[in-house]
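None of the figures in this text is laboratory data; all of them are computed from the coordinates on show. Model, not experiment: these values are computed from the prediction.
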Amino acid sequence: MIMESKTMALGLAVLCVLLSAGAQLSMKVGMTPAGSAGGGVGGAYAHALTSLWVWAGLALYGLSAVAWLWVLSRLDVSVAYPLVSLGFVVTFAAGVLWLGEPWSWQRVLGAGFIVVGVLLLARDA
């Protein structure tokens, strides 16, 4: 029963990471027109207040934070928090594949190291 609970908590932790990465991507999409308009800081925030993508991203962050509370109640923080680093991998991959952002072998290798580290931590959970 304890192993099942930890497996469920690890799965929910990964879901939280995906929600958080989705929030970043959503907010990036929502703010891209503001960056190209050149309206300064005030213009960027005014744009954010009216962007459905930005609001969707904030909602995803909120959902992720609520679910994360359950994860923290089931896993040691020394195991749970390093899983957050998977967000770097997910957002890197989605940025390249979905948003057309640049990539390099150094970034791919760095993402690979993160995945290996998280796998090692999860095996010891």
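Couplings for region 108-123, taken from phi via the Karplus curve 6.51 cos²θ - 1.76 cosθ + 1.60 with θ = phi - 60°, read 5, 5, x, 4, x, 4, 4, 4, 4, x, 5, 4, 4, 5, 5, 5 Hz in order; Gly and Pro are left as x. For the chain, the longest principal axis of the alpha carbon atoms and the long axis of helix 40-50 meet at an angle near 70°. In order along region 55-71, the Karplus-derived 3J(HN,Hα) couplings, from 6.51 cos²θ - 1.76 cosθ + 1.60 at θ = phi - 60°, round to 5, 5, x, 5, 5, 5, 4, x, 4, 4, 5, 5, 5, 4, 4, 5, 4 Hz, and Gly and Pro are given as x.
Taking 0.36 nm per residue of sequence separation and removing the Cα-Cα distance, the VAL66/ALA93 pair yields an extension gain of 7.2 nm. For the chain, with a Gaussian network of springs between Cα atoms less than 10 Å apart, report the residue from LEU63, LEU97, LEU12 with the top mean-square fluctuation. Evaluated over the chain, the most mobile residue of the options is LEU97. Helix 2-37 versus the longest principal axis of the chain: what is the Cα-based angle in degrees, 0 to 90, to the nearest 10? Tilt of helix 2-37: around 10 degrees. The structure-derived value of volume of the Cα convex hull per residue in Å³ appears in the list (i) 128; (ii) 101; (iii) 117 under the label (iii). With the helix formula -39500 (n - 2.57) applied to DSSP H stretches of n ≥ 4, the chain reaches a computed 222 nm mean residue ellipticity of -29500 deg cm²/dmol. Helix 86-97 and the longest principal axis of the Cα set of the chain meet at an angle near 40°.
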